[in-house]
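All remarks here apply to the structure that follows.
No lab work stands behind these numbers, since they all come straight from the coordinates. What you see is a predicted model; the values in this text were computed from it and never measured. Neighbour counts are summed over all protein chains in view; Cβ atoms, including those assigned to glycine, are modelled from backbone coordinates with ideal geometry.
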């Protein structure tokens, strides 16, 4: 039977999407700039990049569950606007402290913890806001569009960031993201949808609300298996993220420009993965698509490892780009399935708690493992840490294969 024509996504979603796309572009420039700042300006090495990664996710570990429950009590749009403005101000502090000669690793980490807290609240609100913008059967299509533009940002951001680093240096490159958060706040302000405030039937009980979110995530059949093995996947991602900048800049000796271009290859792969996400899901099912993507991530890390012994510079750069591209493709192909699946089966009143519970546990893994991976890389070298990351991605795939999530699928239009 022929597929029914897909209905266009609502105008309100397109405004929200525009804000997400522009702020994602700035975020990738900033991530590249901060990694370069830690490695080359503050001379903190793999330990510093591991601590930076941990600082980005520390709030998820410390009070992510509380903030998720609080967001579920409030209208989501004002929360998103306010946190976008807060993030713009915090990023402006980085070049300001640099100009004043005050910037140090501890101060940068403190700014990043505050920035990450605002990001946690914004992410919790925006993920819970999306199901109010589009009907359930269009959730994956919406996530595919977000993932596609996110992958474009992941490509253009590091490429532009590499050029900006060479022109103005790492501290000033961070200002680009501050401007994008202002744009995002404007776009969300223009996104008008009915948002009824939650009216509690009894006195609010924060502990009970947090417990309800935890029970929903860890006692809900396939959602429980997806949550646990996603935590394992994030262990591999924590190791990779902690050592990748050091591997590219110091072990492989890449220039800022090539650092940006190799990093951008992940975005190219992510865009391809987002485009393939729907057809792969229709052919394989959502569960098998996610499992295959995790195996592809492991293969991508192995390609990065092989590059260390590749010899001629063109072969080295090709393998580095290939490895990054494979990992990006895996993320692009799997993310819309994971996000849409959990949003489709989660009631509206639990959306923020479900998203924040899973993200909090995922980021807790990063907070705990990223500094360990950085210190370990200083002791035994970067290559063994990359090898362990590949093994962990493989373990996540195998865990999902032997779980009910292998048979998970989505409600779709047509």
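Points worth noting:
- Packing, as the average of other Cβ atoms within 10 Å across residues, places the peptides 48-54, 165-171, 20-26 in the order 48-54, 20-26, 165-171, highest first.
- Region 153-193 residues near the modelled residue 255 label - backbone nitrogen below 17 Å, point 7 Å along Cα→Cβ: 159-170
- Contact order relative to length of the chain, as percent, for alpha carbon pairs under 8 angstrom and 6 or more apart: 30 percent
- Here the peptides 77-87, 208-218 are ranked by packing, the mean other Cβ count within 10 Å, and the order with the highest first is 77-87, 208-218.
- Sequence-distant contacts, meaning Cα pairs under 8 Å at least 6 residues apart, place the relative contact order of region 74-131 at 60 percent.
- Taking label positions 7 Å along the Cα-Cβ direction at both residue 42 and residue 11, the computed distance is 4.5 nm, reported to one decimal.
- Three-way shape label, region 331-381, alpha-carbon gyration tensor, a/c 1.5: oblate
- For region 146-193 and region 17-44, distance of Cα centres in Å: 8 Å
- Extending 7 Å from the Cα toward the beta-carbon at both residue 182 and residue 224 defines two label points whose distance is 5.0 nm.
- Overall form of region 78-210 per C-alpha gyration tensor (a/c, 1.5; a/b vs b/c): oblate
- Sequence of 231, 225, 43, 327 once ranked by neighbouring C-beta atoms within 10 Å, starting from the fewest: 43, 231, 225, 327
- Reducing region 371-389 and region 61-93 to their Cα centroids gives an inter-centroid distance of 33 Å.
- Cα gyration tensor, region 270-414 - rounded (a/c under 1.5), prolate or oblate: oblate
- The convex hull defined by the C-alpha atoms of region 269-350 has an orientation-averaged projected area of 6.1 nm².
- For region 238-291 versus region 95-128, the spacing of their alpha-carbon centroids is 24 Å.
- The chain: calculated mean residue ellipticity at 222 nm from DSSP helix runs of at least 4, using -39500 (n - 2.57): -28000 deg cm²/dmol
- Equivalent-ellipsoid semi-axes of the chain, from the Cα gyration tensor, Å, largest first: 32, 26, 21
- Estimated FRET transfer efficiency (residue 89, residue 168; beta-carbon r; R0 25 Å; 0.05): 0.80
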